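Student: The structure under discussion is supplied below as structure tokens; questions concerning it will follow.
The values are calculated or read from the model by the stated rules, or taken from the named source; none is laboratory data. Just so we're clear, the structure is a prediction, and the values are computed from it rather than from any experiment. Cβ: placed from backbone, ideal geometry, glycine included. Neighbour counts: every protein chain shown.
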């Protein structure tokens, strides 16, 4: 889960950073999409990952 939710998001932002000069030449709508959509998805993934971690902790604590 960590790889799919967190590490791939970091890679995506790194990839945008590497091609920042190309992104700056895009139309304003494309520019907004390149930064807005991944940011929103990254935030949602962090929230869900936090809930998953809390659930795992709760389940493990119950089992002991």
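Student: When you look at residue 53, is it free of Cβ contacts under 8 Å to residues at least 40 places away in the same chain, part of a helix (DSSP H, G or I), surrounded by 11 or more Cβ atoms within 10 Å (Cβ to Cβ) and touching a helix residue (DSSP H, G or I) at 6+ places or on another chain (Cβ under 6 Å), yes or no? Talk me through it step by step, then tell me what you get.
Tutor: Working: free of Cβ contacts under 8 Å to residues at least 40 places away in the same chain: yes; part of a helix (DSSP H, G or I): yes; surrounded by 11 or more Cβ atoms within 10 Å (Cβ to Cβ): yes; touching a helix residue (DSSP H, G or I) at 6+ places or on another chain (Cβ under 6 Å): no.
In short, no.
Student: Additional query: Is it fair to say residue 26 is free of Cβ contacts under 8 Å to residues at least 40 places away in the same chain and not in a helix (DSSP H, G or I)? Don't jump to the end; show me each part of the working.
Tutor: On the way: free of Cβ contacts under 8 Å to residues at least 40 places away in the same chain: yes; not in a helix (DSSP H, G or I): yes.
The answer is yes for residue 26.
Student: From 6, 10, 47, which residue is in contact (Cβ under 8 Å) with a residue 40 or more places away in the chain and in a helix (DSSP H, G or I)?
Tutor: Working: 10 fails: in contact (Cβ under 8 Å) with a residue 40 or more places away in the chain; 47 fails: in contact (Cβ under 8 Å) with a residue 40 or more places away in the chain.
Sole residue among the options that is in contact (Cβ under 8 Å) with a residue 40 or more places away in the chain and in a helix (DSSP H, G or I): 6.
Student: Among 61, 32, which is the only one that is at pLDDT below 90 and either in contact with a strand residue (DSSP E or B) (Cβ under 8 Å, 6 or more places away or on another chain) or assigned to a helix (DSSP H, G or I) (or both)? Spell out how you get there, then give the answer.
Tutor: Numbers: 61 fails: at pLDDT below 90.
It is 32.
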